[in-house]
Structure formats: structure tokens, C-alpha cells
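To keep things clear, I will list the structure first and then write my remarks on it.
Any read-out appearing in this document is the output of simple, stated calculations on the displayed coordinates, not a laboratory observation. None of these values were measured; they are calculated from a predicted model. Please note: Cβ atoms are built from the backbone with ideal geometry, for glycine as well, and neighbour counts cover all protein chains shown.
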There are 2 protein chains.
Amino acid sequence: MKKVTMLDIAKQAGVSKATVSMVLNKRDESISDETKNKILNLAKELNYIPNSLARGLSTKKTRTIGIVLPDITNPFFSSIARAIEDSASSSGYNVIFCNTDNEMGKEQEYIKLLISKLVDGVIFATGGESCSSVNMLKHNSVPFVLVDRYIDGYEKEYGVYSLNQEGVMKGIDYLHSIGSRKIAFVKGNENLQISNERLKGYKKAMDKYCIYDKNLIFSGDFTIEGGINATKQILDHIGNIDAIFYSNDMMALGGMKVLLRNGLKIPEDVKIMGFDNIDICEIFEPELTTIAQPIYDMGKEACNLLIDIIDNKDIEKKQVYFKTSLVIRKTT
Amino acid sequence: MKKVTMLDIAKQAGVSKATVSMVLNKRDESISDETKNKILNLAKELNYIPNSLARGLSTKKTRTIGIVLPDITNPFFSSIARAIEDSASSSGYNVIFCNTDNEMGKEQEYIKLLISKLVDGVIFATGGESCSSVNMLKHNSVPFVLVDRYIDGYEKEYGVYSLNQEGVMKGIDYLHSIGSRKIAFVKGNENLQISNERLKGYKKAMDKYCIYDKNLIFSGDFTIEGGINATKQILDHIGNIDAIFYSNDMMALGGMKVLLRNGLKIPEDVKIMGFDNIDICEIFEPELTTIAQPIYDMGKEACNLLIDIIDNKDIEKKQVYFKTSLVIRKTT
DNA sequence: CTGAAAGCGCTTACAG
DNA sequence: CTGAAAGCGCTTACAG
């Protein structure tokens, strides 16, 4: 079945395709009601669907944005992605997702793809050493905003973040207030800025109470596996720990599994705290106490910011920071 | 910064853009090595990125496929999506995701979008009454394959499914074999064919053992909330139940929460069984026994099938069915 | 109030 | 071995 084009409508309506284009795009102030209706009706009747490649080629706008993230399968990123998609589509934009698995090669392939598809902008939820991707975008003058993760050396770019340091400090304050003193900390991937920020928050807060001990810091990588491994180490090396602060919820969930398996009671024997407040925190038993990032709002803000940039609006703040909040549940 | 085009390369190389096109697309049997290299080098030097809108407009191929699903935030669908993306990209295709939230309006908007973007094909992971979407695709002759969920009246279309009835029967057999007799069943959304299939499997198996009792069937909707609500009802109405078979894992997880909260021990007091085998089954404590669908393989197969159709390959089977398998963990 | 024409950046027969 | 030309389906000044 041949696709119906503007020319088909034009012919049947006895007008030129320029006219059809105008009315279909609502630039129809100067078109008579008669032809307007004729065209509109024909378009409906023939089930006309515009060819957005052709449109994009001539306007240089595609009304689509790209979003680059490590893995859509990770609940944190699927939430962010969902938020972005929702607000994009309410502004008439649609979204292309790109899973990089934190591999630079994949990331760059995707950036090329996005550029070749003439996306109007891109949102980065990766972090790490994305410099060359970022440069490629700049080189092709496609605007971008970073979300959740700083990229080293690109602090001046548009970005939406949460206050990681402050968040962790809030958590430690709370743990301290309920009597914990020996608080272990499980770090995230070393090459991500947010990991450092969270670690800094831990150090500051622990210092404040004069209970800092660098032996209480363990390596992790933001995955469940990472949480499991770190927790095994914690069990091996140290007996008397009050509480464990995991740099994100996924690691906390993995960690809790190990602790429960080893017969420890949460929160009686160890208190547990995560970071992010992904949805499953509430489903787990016991429910996870955590530092909540406003994930949905951050995604939404990132998308709106990007669209404002695309529309050449004046941006008052190039970086926006969201406050975190302490969500007390059953693990503390 | 102006984007570099084939014309730029052509000029600098002193050839026509036709020639540039040929070598960049590897249709270069008849091009001299000299000009070939000149062009290749210039392309690299100038960071040339082809404009895929222009390409798509002239070839009518975009090497992108659409995938329509209810919600990427749901672990089952994010896994399928991931599988599809992986195999798509290894065949040089990329993917546009569309979250419908099971709303027909959204679904149709997205289908229009996909058509307007000239996708080469689409994969449907929705189900329910998608007839009009499917018709729109047919009307525009874009091929599609259904995955995981039948669409009523479209059993003859390309599709990748798992054997739902058989799967549930396997589960009941197992529960029976370990001594359960009073086995409750929580259904999925009534308007999905897979719900019926799973229910049928339950009935058949229970009948076989002469332990079928329709009062043991409860309504659900495949969400965590649904599992919670159904389970509250189960607690209210009946005391002596051995086991609960939830039509999917999400409901089982919600249900377990309610049971644990009410002081029941799993599996000592009630045995629990899910369906799907999503990743978090293994993280939960106790780990969920379930009927596994080969989620990743199904996504992969759906994608490969679609690509074969796009490439006009001969397809031996229009429908492919995957076997499920019983995964015994700690809830039974 | 509407149309003719050029252009967006590619590809693809066809000609030489 | 390579180029000229037409075409993909739109949009957008410009002219009348």
C-alpha cells in the first residue's frame, strides 16, 4: 500500500502542496475556511501521517531528544527515563534511549547515532569520562544537559543534580542521633563524581562527631553484586559495627541479603541505610531507610531545562540542585 | 558550527557527491583506491556524520525499529526491552521505546509517531485491544511482531510467546508433589490473553488432582498493588490455604509482603509461587520460587524475527513458543 | 487567498 | 572509473 503524502491530498483538494502544508501546520491564518476544511477532511479520510524525516530534513528540527544512560534495567535509571519521557511527550517531544553499560565505545556510537538523527538535544545520565561524547555534541552544536552525575571538567555545563554530600550528612546525623557510632560506609564507583561527593559527606559528618575511622570505608560499585561483596568483607573483617551506610539502594539491598543470610537482625543487630529511594525500597522486607533523591522531579527538570535551551529561552540557572530528604523506614 | 555534509567532502576531494556516497557506503568496487582513500581520510578529518534523515528519506529504510510496551519501569518489560535493544544493535538497528501505560490513546499516538518516523518495523509487548494500532501498521505496511502477549483476533500474526498454560501446570504439579492441596490462584488483568492462559493452566492442573475449587481464585492485575490487595482478601476470607500461585512475580512480591507482615512464615505456613522470573526474585528474602520465562531469549527472538521479516527472509514459523521452566527457590 | 520554486542532504539508476 | 540529474516528502520565503 503506498503511503499517502501531501501531494495526494493536494491533488484531490485541487490545491498545491504548499497550501496543504500550511493548513496541516496551523499556519492557516490566510487560508479560506473552505479549502481549510477540505484539506483537513481529506487528511483524516486518507489517514494521512506526515513524513517526519522529510519534515526534519527541511526544518532541521526533529522534536526528539536523546537520553544516554548506563542501563535501563536499573530501577534508578528507568525511573529517570520515565520522568524524562513523560515531560518530553507533554511538550510534544519524543525520546530515544541509549544504554551504554558504562562503555565509552557504546556511548560514542550512540552519540553519533543521535547526531545523525538530528536530535534537538540530549540528556546525559552517565558521568565518568564522557568528554569526547560531550565534545562531539558541542562540535555539532547540539545542546545537552547532565543529570544526576557530574562530568569532570564540565561543571559549567547545564546540569540537574542533587546535593549528595548534604544528603549523606543528613543520614549520618540521623544514625548518630539514634545511637550508632560505628558506622561503615560502602562507596560507589571510584570514577564517578557522585561517589566522591557521597564519601565526602560521610567523612565530614563522621569527623564532626569525632567517630571517623577510615577502616570503616569499603569499596563498592553501585550494583547489587557490589553490595554483596562489600558486605561479605565487612562481616569478615569487623565484628562490632552498628550501622552500614550504602552509597546507593541497590548495594544496600544486596548487602541486606548477606546480613540476613548470616543470621543478623535488621535493625536490631545492624542498622542499614541506602541512598536514592528507588521504588523497591518499599517492597523489601524490612523496608529500607534511605536518603531520597527526587528522582522523578530531577528527570522532569532536566527535560524541561533542555527544552528551554532548545527553544532559546533565557535560562536563569545553568545548574539546578535538588535537596535530598531522609526517609525513615524499618531498617534503622 | 555548520554541519559537514557529503558536498563538503566532495568539494575538498574534487569529486562529486555521488562518488562520496558510494565510497562511504562501501559500494566502492569501481572506485580507484586513490579517490577512495582521499574521501575516507577527509571524512575522518572533518568528523563527518551522515545525516540519516536524508538517507532515510531517499532509501525508505531507517534501520530503526519501534517497541511498544506498557511501562519501562516494570522489570519484566525493561528486561525485554534491553534484550531487544541488544540484538537490534548487534544487527545495526536502533530502537525507539514507547510507554503506553496500557492506554489506547497513548498507544495510537506512538504508532503514528513510529510510522511518521518511518521505522522499519515494530515490536508489540502490549496486548489487550490493540487492533486499531495493528491496523494502522498494516495500512502503512510496516511489519510487526507480538511478544509475550497475544492480541485477540491476531493469532495469525508474527509472534513470540511462552507456553503459559503448560508453565502454570508445571508449577501446580510441583506444589502438589510437595504436599500442597489448597492452592489459591491470583489472576492477572482480565483483558489480557495471557491471564486467561495462566488461569486455564491452573484449572486444568487442579482438576487433574481433583482439588479444583473456584473459591480459591482471586482477582489481580499484575501489579504489586494488585498482589497486595488480592492477598489481603485471601487472608480475610480463608484460613486454611497451603499455597498461593500468583500469575506473575510482581504480585507475588506484593503478596509476600502482606503475608510476612501478618506474621505468616514462608514457606512453612504458606508456600508461594510466581511467574516470570524477573531479576529481583533472587534478591528478595526469601527468594521466590517461580515459573521462569526466558525473557531475554524471547526479546532476542522477537527482534531477530522482525529483522528477518524486514529483510524479506523466508520465515519458517510465524509463531514461536518458548518453554517455561520451574525455578525452585526458598518460598516453597 | 494561493501557487511555483528552491532547498534540506542523501541515493540511485544511467550515461559516458 | 566518475559525474549529472532526478527524486525522496516536506517547508518556506516570495510573488501575485
Quick one: Debye curve from the alpha-carbon atoms of region A:6-50 only, equal weights, vacuum; give me log10 I(q)/I(0) at q = 0.13, 0.26 Å⁻¹ to two decimals. -0.20, -0.87
Would you list, by chain and number, the lysines whose Cα falls below 28 Å from the Cα of B:Lys36, excluding same-chain residues fewer than 8 positions away? A:Lys106, A:Lys112, A:Lys117, B:Lys2, B:Lys3, B:Lys11, B:Lys17, B:Lys26, B:Lys44, B:Lys60, B:Lys61
If you scale each eigenvalue of the Cα gyration tensor by 5 and take the root, what three semi-axes come out for the protein assembly as shown, rounded to whole angstrom and sorted largest first? 46, 35, 22
So A:Lys11 and A:Lys318, fully extended at 0.36 nm per residue minus their Cα-Cα distance, gain in nm 105.6 nm
Magnitude of the Cβ-charge dipole (Lys and Arg +1, Asp and Glu -1) of region A:194-251 about the Cα centre, nearest 20 debye, reported as 260
Using the crude model of +1 on Lys and Arg Cβ and -1 on Asp and Glu Cβ, and no other charge, please compute the dipole size for the protein assembly as shown relative to its Cα centre, in debye to 20. 1200
Among B:Ser30, B:Asn41, B:Ala10, pick out the residue whose Cα is farthest towards the positive end of the charge dipole of region B:6-50, where Lys and Arg carry +1 and Asp and Glu carry -1 on C-beta, about the Cα centre. B:Ala10
For a quick size check, give me the Cα extents of region B:135-216 along its three principal axes, largest first, whole Å. 54, 21, 15
Hey, can you grab everything whose amide H is under 5 Å from the amide H of A:Val186? Only 5+ residues off in sequence or another chain; H modelled, so Pro and N-termini drop out. A:Phe218, A:Phe245, A:Tyr246, A:Ser247
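Once Rh is set to the Kirkwood radius over Cα pairs, what Stokes-Einstein translational diffusion coefficient, in µm²/s, holds for chain A at a temperature of 37 °C and a viscosity of 0.692 mPa s?
Diffusion coefficient, whole number: 147 µm²/s.
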Amide H partners (placed H, <5 Å) of A:Phe222, local residues excluded: A:Asn189
Alpha carbon convex hull of region B:253-310, projected area averaged over orientations, nm²: 4.5
Per residue convex hull volume, Cα atoms of region A:164-293, in Å³: 92
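Determine, for B:Thr289, B:Thr59, the number of other Cβ atoms within 10 Å of each Cβ, and report the residues in order from fewest to most. Don't jump to the answer; show the numbers that get you there.
Details: B:Thr289 25, B:Thr59 11.
Least crowded to most crowded, the residues run B:Thr59, B:Thr289.
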Using every alpha carbon pair in region B:1-82, what percent of pairs falls into each 10 Å bin from 0 up to the bin containing the largest distance? 16, 36, 20, 14, 13, 2
Just checking the output field for B:64-71: average partner chain Cβ neighbours within 10 Å of each residue's Cβ? 1
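Report the far tail of the P(r) of region A:19-144, meaning the percent of Cα-Cα pairs longer than 21 Å.
52
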Convert each backbone phi in region A:179-191 into a coupling constant with the Karplus relation 6.51 cos²θ - 1.76 cosθ + 1.60 (shift: θ = phi - 60°), then list the ³J(HN,Hα) values in order as whole Hz, x for Gly and Pro. x, 6, 10, 8, 10, 7, 10, 10, 6, x, 3, 5, 8
For region A:166-237, which trypsin sites (Lys or Arg not before Pro) are in a loop by DSSP, counting at most 16 other Cβ atoms within 10 Å? A:Arg181, A:Lys182
Plugging the Cβ-Cβ distance of A:Leu46 and B:Lys60 into 1/(1 + (r/R0)^6) at R0 = 22 Å yields, to the nearest 0.05, a FRET efficiency of 0.70
Given charges at beta-carbon only (K, R positive; D, E negative), |dipole| of chain A in Debye: 640
Once the in-chain neighbours fewer than 8 apart are removed, the lysines whose Cα is under 21 Å from B:Lys204 read B:Lys170, B:Lys182, B:Lys187, B:Lys214, B:Lys271, B:Lys323
In a Gaussian network model over chain B where Cα atoms closer than 10 Å are linked, find which of B:Asp269, B:Asp314, B:Asp279 has the largest mean-square fluctuation. B:Asp314
Where is the GNM fluctuation largest for chain B (alpha-carbon springs, 10 angstrom cutoff): B:Ala88, B:Ala18, B:Ala243? B:Ala18
